[in-house]
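The values are calculated or read from the model by the stated rules, or taken from the named source; none is laboratory data. Everything quoted here is computed from the prediction, not taken from an experiment. So basically every Cβ, Gly included, is an ideal-geometry build from the backbone, and we count neighbours across all protein chains shown. Quick note on the areas: whole protein, heavy atoms, side chains included, nothing else; ligands and nucleic acids left out. Shrake-Rupley method; radii C 1.70, N 1.55, O 1.52, S 1.80 Å.
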Amino acid sequence: MPSNQKKTNNANAELYNPPSQVVSQANVKEYEKLYQLSLDDPSGFWGERAEELEWFAPWNKVIDDSRKPFYQWFVGGKTNIVHNALDRHLKTARKNKVALIWEGEPGDTRMYSYFSLNREVCKFANVLKSLGVKKGDIVTIYLPRIPEQVITMLACAKIGAAHSVVYGGFSVEALAERIEDAQSRVLITADGGWIRGNIVKLKDITDEAVARQPTIETCIVIRRTGQEINMESGRDYWYHDLMGLPIAAPNCPTEPMDAEDLLFILYTSGTTGRPKGIVHTHGGYMVYTYTTLKYVFDIKDEDRWWCAADPGWITGHSYIVYSPLLNGATSFMYEGALNYPYPNRWWQLVEKYGITILYTAPTAIRGLMRFGDAWPNRHDLTSLRLLGSVGEPINPEAWRWYHTVIGKGNCPIMDTWWQTETGGFMITPLPITPLKPGSATKPFFGIEVDVVDEDGKTVTDGDEGFLVVKRPWPGMLRTLYKDPDRYKEQYWGKFKGMYQTGDSARRDADGYVWVIGRIDDVIKVSGYRLGTAEVESALVSHPDVTEAAAIGLPHELKGNAIHTYVILRAGLEGNDKLVEILKEHVGHELGPIAKPESITFVSSLPKTRSGKIMRRLLRARALGQPEGDISTLED
Ligand code: WT7
C-alpha cells in the first residue's frame, strides 16, 4: 500500500490556460457535459464513435458484460482494423495523401502515400499467405524502427493473423520467451538497426533466440544495415527477394473479422514471473484508439503527427501504426537516437518536416533539456501546435522547459496516462483543458477512475491511494494470452468490480489526477516497463549467481534506475570485473535498457517467512527511509 499518505493538495498548483488559437479549432469544445453523457449512456456514446468507421456487418450489442470481467464490445459486428486504416481511404481523396514519412538515422528518407502503403501491405500479406500463415496464427516481429515494422504488422492484421511485436531493444532471452509463449512459426526481423551510428545485430540475436525456441520454421529478413549475416538455407529468406516474386501480388482481400477476434498480443512486464501476453482485438481497440487520438491530439487532415515512441511498445502500436491511419493522418517516424549526430537532431526534424504535434516521453525531454536551449533555439519550431507526454509522471521542471523552450508557450502539453493493457489514453487533458504541470488532469470520455484505499473505498481528496478504473472501456485488454485466470486475478481480483492499474495516485480538489507511480514490482526505466523478476532471472541465469533482487530507485534522467543485489556461488568473491560481466550478461539476455545501474554483492537478502524477497525493505534502506512493518521478516 502507498506508504507516505502526505496531504498535499495540488488544487492550487500553477494553472496554464490553453491559448485561444488552439481552443478555437479543437475537435472537442466542451468536456464536462460530454463526459457526463459518455457515462450516462456508454452504449450510445461508443456506438456513435464506432459508426464513424466502416463495418462489414453491424454489431447487435455495444457492451456485453454477461461474462465479466471478460467484457466484450461491438458483439456480432464484423470489421477489420486494416479496412479502416487503409482500404477505406483508397475510395477517397486521401488515396494520394502522405500516410507515412520516415527518416533513418543515417539520413535516408522514405515516404508512403495511403495508396503506396496499401500496395506494400497487400504484397506482404500475399507473401505471408504463401507461407501458409492464416487467420489465428501469431507472427513474431522483431525489427528496428523502419517502415517495414508498420507494413508487416498491417499485413498480418489484414489476413486475420495476429502479430506479436518484440521491441528491437530487447535481446535473446526476452525474444525467445515471447516466441515460445506465442508458438510462432514465422518470424520477421532485419539484419540490423542503426543506433548512434552503430549496428544492433538483430539477426545474430534472432539466431540465438531461435536456437533456444525452435518453433520458428521461417524467418524473413529485411536488409537494413547491409553487413554479412548468417542466412540459414530453408529457414531464412530475404524480404526483398520474397517481395519480388510473382506471389507478392499488389492486391489482397481484407479478411472480415469478428469485432472480438484477436488483433495482436503484446508482452509486458508484470508483478511476477514471465511477461504477460496482453490481448487486444479488432473492434474495440480500433474504436478506442481512433477516438482518443482524434479528440486528445485534435488530429486534422493537414497535421503532421510525430509519435516518437517505438512501434515495439503499445504507444507505437496505437499511436504510430493504427490510430494515425484510422484517422487518415500523416505520420512521421524516425529510426535512431535523439542526439545523433548532434543534440539538435529532433529539432531539425521538426523544422524539416513541419511537425505540428510531437508526442514523446519525459525521459526524452529531460535528456534533451540537459543539452541546453541553444540546440532547439537554432531551429524554427513554430509549426508545432500541440505537445504530448507519456510513460511516467513528468516532473514540473521538464514540463516547463518543454512548454517554454519547445512550445514557445503556445502549445498545450497533453500528459496522457495509460497502459499496455488499456489500449489507449485513459487520463488525459484535451486541447481545451487548463493544465497543471505534472498532472494528467481528468479521465477521457467513458472512463471512470477513482483513487481508493485498501478496502476499495474512495480516499479523501489529496490522499494517496490505489488508482482504479470502475467500468469497462472499448480499448481494454480482453485477457492474458493463454492465462485467463491470471487476467482475472491480476486486474480484477483485488477490488470487486474495479480494474486495478498497479499505480498509486492522488486526486486534488479540482478533480485532477496526479499519478505517482507503480506500487507493484514493475519498474519504469526511461519510460520502459520492466519487471524486477525478469531482471532477477536474467542475473540468476549466469552461472556465478545463486540469488538476486532488483529494485527501482529514482534517477534524474531515467525516472527510475534498476539497482540489484546479488548472492554469488559459494567461494566466489565479487569485484568490479564481475560487476561488468553481470551487467553485460543482463544486457545480452534481456536488452540494454535492462542493464542494472548498480550491482551490490551481498551474503543474504531480506525475505519473508514464506521466502519472498522484501524489495520494499531494500528500497527503504537504499533511500534511507523508515523500514516500516518488518514483522514478517524471516531473519
Ligand atoms: C505505466 C504503464 C506507453 C504507453 C503507456 C505506457 C506509467 C504511463 C503515464 C503518465 C504517469 C504514466 C504508469 C502506468 N505511465 N503514462 N502520463 N503519467 N505515469 O505503457 O509500458 O504499459 O506502462 O506507465 O505507471 O501504469 P506501459
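Over region 497-635, what percent of the accessible surface lies on carbon and sulfur atoms, probe 1.4 Å?
Numbers: 3180 of 6390 Å².
Accessible surface attributable to carbon and sulfur in region 497-635 totals 50 percent.
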Using a Förster radius of 35 Å, what is the FRET efficiency between K494 and Q348 based on their Cβ-Cβ separation? Nearest 0.05, please. 0.15
What accessible area, in Å² to the nearest ten, does a 1.4 Å probe give for H588? 80 Å²
According to the Cβ-distance criterion of 4.7 Å, cysteines of the chain with no possible disulfide partner are C156, C219, C307, C411
If you take every residue apart from D191 with its C-beta less than 10 Å away from the C-beta of D191, what net charge results, scoring Lys and Arg +1 and Asp and Glu -1? +2
Just to verify a number: FRET efficiency for L90 and E397, C-beta to C-beta distance, R0 = 41 Å, to 0.05? 0.30
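If you place +1 on the Cβ of every Lys and Arg, -1 on the Cβ of every Asp and Glu, and leave all else neutral, what size is the dipole of region 491-635 about its Cα centre, to the nearest 20 Debye? List each step's numbers first, then the result.
Numbers: 19 positive and 20 negative charges, 100 e Å.
Taking the Cα centre of region 491-635 as origin, the dipole is about 480 debye.
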Mind listing which trypsin sites (Lys or Arg not before Pro) in region 456-510 are in a DSSP loop and have 11 or fewer other Cβ atoms within 10 Å? K457, K496
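What does the charge dipole of region 76-191 about its Cα centre add up to, to the nearest 20 debye, if the Cβ of each Lys and Arg holds +1 and the Cβ of each Asp and Glu holds -1?
Numbers: 16 positive and 12 negative charges, 201 e Å.
Roughly 960 debye, rounded to the nearest 20.
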Counting alpha carbon pairs within less than 8 Å and at least 6 residues apart, what relative contact order, in whole percent, applies to the chain? 14 percent
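For R619 and L37, compute 0.36 nm times the residue count separating them, minus their Cα-Cα distance, and round to one decimal in nm.
205.1 nm
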Through the Karplus equation 6.51 cos²θ - 1.76 cosθ + 1.60, θ set to phi - 60°, convert the phi angles of region 440-456 into ³J(HN,Hα) values in whole Hz; use x for Gly and Pro. 7, 6, 10, x, 5, 4, x, 9, 10, 10, 8, 10, 10, 8, 3, 8, x
Report, by chain and number, residues whose modeled amide H sits under 5 Å from the one on F332, excluding near sequence neighbours (fewer than 5 apart, same chain). I101, W305, W306, C307
Which aspartates and glutamates, if any, have their Cα less than 17 Å from the Cα of K612, not counting same-chain residues under 8 positions apart? D520, D521, E534, E536, E547, E627, D629, E634, D635
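Kindly report the accessible area of the chain per residue (heavy atoms of protein chains, probe 1.4 Å, no ligands, DNA or RNA), in Å². Intermediate values should be presented prior to the final figure.
Details: 23730 Å² over 635 residues.
Roughly 37 Å² per residue, with all protein chains present.
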For region 114-203, give the share of DSSP beta bridges that are antiparallel, in percent and rounded to the nearest 5; count only bridges with both residues there. 30 percent
Cleavage-rule hits, trypsin sites (Lys or Arg not before Pro), region 73-118, DSSP coil, Cβ neighbours within 10 Å at most 16: K91, K97
Students often get this wrong, so check it: of K91/K123; K61/K123; K158/K276; K482/K583; K95/K123; K300/K494, which have C-alpha atoms separated by over 29 Å? K61/K123; K482/K583; K300/K494
For the pair N230/K29, report the inter-label distance in nm, with labels modelled 7 Å from Cα in the Cβ direction. 6.4 nm
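Output the relative contact order of region 482-594, whole-number percent, from Cα pairs under 8 angstrom with separation of 6+ residues. Intermediate results must be reported in sequence, preceding the final value.
Working: 145 pairs, mean separation 19.9, N = 113.
In percent, rounded to a whole number, it is 18.
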Could you pull out the trypsin sites (Lys or Arg not before Pro) across region 526-587 that fall in loop regions by DSSP (anything but H, G, I, E, B) with no more than 13 other Cβ atoms inside 10 Å? R569
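Share of region 159-213's accessible area from carbon and sulfur, percent, 1.4 Å?
Numbers: 690 of 1530 Å².
C and S fraction of accessible area: 46 percent.
E14 to E302: FRET efficiency via 1/(1 + (r/R0)^6), r the Cβ-Cβ distance, R0 41 Å, to the nearest 0.05?
Working: r = 32 Å, r/R0 = 0.78.
For E14 and E302, the calculated efficiency is 0.80.
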Expected unfolding gain across A337-Q183 under the 0.36 nm per residue rule, minus the alpha-carbon gap, is 52.2 nm
Neighbour net charge for I159 - beta-carbon separation under 11 angstrom, K R +1, D E -1: +2
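Relative to the Cα centre, what is the charge dipole magnitude of the chain, using +1 at the beta carbon of each Lys and Arg, -1 at the beta carbon of each Asp and Glu, and rounding to the nearest 20 debye? Provide the component values of the computation, followed by the final result.
Details: 72 positive and 79 negative charges, 178 e Å.
In total the dipole reaches around 860 debye.
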Just need log10 I(q)/I(0) for region 452-507 at q = 0.13 Å⁻¹, Debye formula, equal scatterers on the alpha-carbon atoms, no solvent, rounded to two decimals. -0.35
So for the chain, Kirkwood radius off the Cα pairs, Stokes-Einstein at 25 °C and 0.890 mPa s: how many µm² s⁻¹? 97 µm²/s
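Take every DSSP beta bridge with both residues inside the chain and express the antiparallel ones as a percent of the total, to the nearest 5.
Numbers: 55 of 93 bridges.
Approximately 60 percent, going by the DSSP bridge assignments.
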Looks like region 416-472, by Cα gyration tensor root eigenvalues a ≥ b ≥ c and the a/c under 1.5 rounded cutoff (else prolate when a/b is bigger than b/c, oblate otherwise), is oblate
Distance in nm between pseudo-label sites at D483 and L557 (7 Å out along the Cβ direction from Cα): 3.3 nm
What stretch of the chain, leaving out the sites themselves, is the longest with no GluC sites (Glu not before Pro) in a DSSP loop having at most 14 other Cβ atoms within 10 Å? 55-216
Spin-label point model (7 Å from Cα, Cβ direction): what's the E573 to K61 distance in nm? 6.9 nm
With all pairs of different alpha carbon atoms counted, what Kirkwood hydrodynamic radius in Å does region 170-238 show? 12.1 Å
Mind listing the long-range amide H neighbours of T225? Cut-off is under 5 Å, sequence gap 5 or more, other chains count too, H placed in the peptide plane at 1.01 Å from N. D191, G192
